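Inspection log for the structure reproduced underneath, given as structure tokens.
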Amino acid sequence: MLDADFFRRWMTTAAASVEREAERLTALDSAIGDADHGSNLQRGFRAVTAALEKEAPGTPGAVLTLAGRQLISTVGGASGPLYGTLLRRTGKALGDTAEVGAEQLAAALREGVDGVMKLGGAAPGDKTMIDALLPAADALASGFAAARAAAEEGAEATTPLQARKGRASYLGERSIGHQDPGATSSALLIAALADTAEADGE
């Protein structure tokens, strides 16, 4: 079972991963976006880490809700609202339970992903974060490693796609051949979840 401490460690592991990969995310974004995805997420996850050090939410849902709120208020562009919605909706779906199982988390994450799809109007194959998140949410019931693999495969599969949503869609065919930065950062988030579970022996 996964408690609030597990979810705090997931968020701090994700923050460390964003710090490490910020330059790569920005490089990907410079090809088809505003060249600020890495720096924006870096700022957002630093705020999440600071908030979790200051407050100690007592439930998994409260940890994710706090993290989502921080991302919405500190990340510029579309990423803040989209990531914030993902975490807040997932947290809300988990409710006030002190501990959750992997199946419960999978169902809640799916609700979070549905919230992102509704907010951004994106569907699978549009070359967005959904291409990594949706397969990960569906695979999570089979285990954390399966979710990580599904997210990474989904992110890589965006490379040959033409963007149909977001800033990259303005480029039309020129968006083909570039991996989507949002799908790439989403895969980092899911990999951080798998790393946290692995460290716990889950």
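The values are calculated or read from the model by the stated rules, or taken from the named source; none is laboratory data. Computed from a predicted model, the values in this text were never measured in an experiment. Heads up, the Cβs are rebuilt from the backbone with ideal geometry, glycines too, and the neighbour counts pull from every protein chain shown. Note: areas computed on protein heavy atoms with side chains; ligands, DNA, RNA excluded. Shrake-Rupley method; radii C 1.70, N 1.55, O 1.52, S 1.80 Å.
When region 146-168 is examined, which residues are found to be among the small types (Gly, Ala, Ser) and touching a residue at least 12 places away in the same chain (Cβ under 8 Å)? Explain how you work it out, then say what you get.
Of region 146-168, the ones among the small types (Gly, Ala, Ser) are 146-147, 149-151, 154-155, 157, 163, 166, 168.
If the condition is that a residue be among the small types (Gly, Ala, Ser) and touching a residue at least 12 places away in the same chain (Cβ under 8 Å), then Ala147, Ala150, Ala151, Gly154, Ala155, Ala157, Ala163, Gly166, Ala168 are the ones that fit.
Just need a number here: residues in region 27-71 that are out of contact with any Ser or Thr (no Cβ under 6 Å at 6 or more places or on another chain), part of a helix (DSSP H, G or I) and either among the β-branched types (Val, Ile, Thr) or at positive phi (or both).
3
Among the residues in region 72-84, are any open to solvent by 50 Å² or more (accessible area, probe 1.4 Å), assigned to a loop (DSSP other than H, G, I, E, B) and closer than 25 Å to Ser142 by Cβ?
no
Could you check Arg148 against (1) surrounded by fewer than 24 Cβ atoms within 10 Å (Cβ to Cβ); (2) part of a helix (DSSP H, G or I); (3) more than 12 Å from the chain's Cα centre (by Cα) and say which number it fails?
For Arg148, the exception is condition (3).
Give the residue that is farthest from the chain's Cα centre (by Cα), with candidates limited to residues of region 87-122 that are touching a residue at least 60 places away in the same chain (Cβ under 8 Å) and part of a helix (DSSP H, G or I).
Among them, the one singled out is Ala102.
So, Thr128, is that one among the polar types (S, T, N, Q), within 21 Å of Leu64 (Cα to Cα) and either open to solvent by 40 Å² or more (accessible area, probe 1.4 Å) or not in a helix (DSSP H, G or I) (or both) or not?
no
Would it be correct to say that Ala187 is surrounded by fewer than 22 Cβ atoms within 10 Å (Cβ to Cβ), at pLDDT 95 or above and of a type in the set (A, V, I, L, M)? Write out each step before concluding.
Working: surrounded by fewer than 22 Cβ atoms within 10 Å (Cβ to Cβ): no; at pLDDT 95 or above: yes; of a type in the set (A, V, I, L, M): yes.
In short, no.
Scan region 138-175 for residues that are farther than 12 Å from Ile32 by Cβ and polar (S, T, N, Q) and jot them down.
Ser142
Which of the residues belonging to region 41-60 are surrounded by 24 or more Cβ atoms within 10 Å (Cβ to Cβ) and closer than 18 Å to Val100 by Cα?
Across region 41-60, the qualifying residue is only Pro60.
Out of Thr196, Thr158, report the one residue that is touching a Phe, Trp or Tyr at 6+ places or on another chain (Cβ under 7 Å) and buried (at least 16 other Cβ atoms within 10 Å of the Cβ).
Result: Thr196 is the single residue among Thr196, Thr158 that is touching a Phe, Trp or Tyr at 6+ places or on another chain (Cβ under 7 Å) and buried (at least 16 other Cβ atoms within 10 Å of the Cβ).
Looking at Glu19, Glu23, which is the one that is charged (D, E, K, R) and free of Cβ contacts under 8 Å to residues at least 24 places away in the same chain?
Answer to the selection: Glu23.
Among the residues of region 14-32, write down those that are buried (at least 20 other Cβ atoms within 10 Å of the Cβ) and either touching a Lys or Arg at 6+ places or on another chain (Cβ under 8 Å) or over 19 Å from Met129 (Cα atoms) (or both).
Listed by number, the residues that qualify are Ala15, Ile32.
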